[in-house]
Amino acid sequence: MRPTDRKSNNNRRKGGFTGIREQTQCRFCRGTIEYIDYKDIETLRKLLTHRGKIYSRKRSGNCAGCQRKVKRAIKRARYIGLLPYSV
């Protein structure tokens, strides 16, 4: 490979990502759910690992606002005893 070829390749991004991401809505925004109920254990269990940890936003697909609501609901359910803190 010639040195001139190397210079031209450095200016291009690798992977083909252009920086524009398709906007997708999270499961709560799609369903227009305003309040995430801490008593809805079946929904909250889908957002926990088998060890009892909360899935990240990237893994669960939630937006930032809904992830904060989910976190608050899970912590309330744990405090009351509906969900375990750990396995």
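A short reminder: the numbers here are calculations on the coordinates, not readings from a lab. Keep in mind that what you see is a predicted model, and the values were worked out from it rather than measured. Note that each Cβ is placed from the backbone with ideal geometry, even for glycine, and that neighbours are counted across all protein chains shown.
The residue pairs whose first member lies in segment 72-84 and is in contact (Cβ under 8 Å) with a residue 24 or more places away in the chain and charged (D, E, K, R), whose second member is surrounded by 15 or more Cβ atoms within 10 Å (Cβ to Cβ) and in a loop (DSSP other than H, G, I, E, B), and whose beta carbons are closer than 7 Å, counting only pairs six or more residues apart or on different chains, are Arg76/Tyr38. Filtered by the rule that a residue be under 13 Å from the mean Cα position of the chain (by Cα) and in contact (Cβ under 8 Å) with a residue 12 or more places away in the chain, segment 50-66 gives Ile54, Ser60, Gly61, Asn62, Cys63, Cys66.
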